[in-house]
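Laboratory data are not the source of any read-out in this text; all were calculated from the coordinates shown. Bear in mind the structure is a predicted one, so any value in this text is a computation, not a measurement. Positions of Cβ are generated from backbone atoms using ideal geometry, with glycine treated the same way; all protein chains shown enter the neighbour counts.
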Amino acid sequence: MLEFLPTHLADPAATDLLGESLGKAALAGGVIALVGDLGSGKTTMTQGIVRSLGYQSEVTSPTFSLVQEYRGGRLDVFHFDFYRVESDNELLDLGWDDYLDQGGLVIVEWPALFPHLLPEGTIWIQLTHENDGRLAKIIPAPCG
C-alpha cells in the first residue's frame, strides 16, 4: 500500500488521487495519522480516501465537530481532528476507544497532539509544502 511514498504531489488533485490509492488499500481496523501544517492537504487526502471507499457525499474537516463519520461504504470511516482537543479525557469522552474498536478506518489530523492514544501499527503520513506542490512521506511514530 505504501510503496509509492515518498511522492511529490503537484496539486490538490494529486493529493486527492493519493488518498484514493490509500483508501483502496485500506484494511478494517486501520488508523492513518496525517501530519502537516494548515493547508498542507490533510483534508484533501481524506476526501480521496473516503470517496474511494464508496462514500459519495461531501467530506469536510472535523475541526469544530472533532469527528466526522462516513458510513455505508466498503469501510466506515471515522475522521478525527485533534487540533481543538484539550485533553486525553476529552478524546476518550468522545468515544475514541469505541471508534477504534468498530473495525472501520480511523483517520486523524493533528495526531502529534496525542500520539500515545494512537494504536501500534498506525500509519503516519507527513504532508509538507514543497516548492511547487507538496511532499507526502511515511514518518515514524513519535514517542508518546
Inset, instruction - Could you check, for the stretch 92-102, whether at least one of its residues is in contact with a Phe, Trp or Tyr (Cβ under 8 Å, 6 or more places away or on another chain) and of a type in the set (D, E, K, R)? - result: no
Inset, instruction - Looking only at the stretch 72-97, count how many residues are farther than 16 Å from Pro62 by Cβ and not hydrophobic (A, V, I, L, M, F, W, C). - result: 7
Inset, instruction - With the checklist (1) closer than 15 Å to Gly19 by Cβ; (2) in contact (Cβ under 8 Å) with a residue 40 or more places away in the chain; (3) of a type outside the set (Ser, Thr, Tyr) in hand, flag the one item Leu118 doesn't pass. - result: (1)
Legend entry - Any chance Glu130 is surrounded by 18 or more Cβ atoms within 10 Å (Cβ to Cβ), in contact with a His (Cβ under 8 Å, 6 or more places away or on another chain), touching a residue at least 60 places away in the same chain (Cβ under 8 Å) and charged (D, E, K, R): no
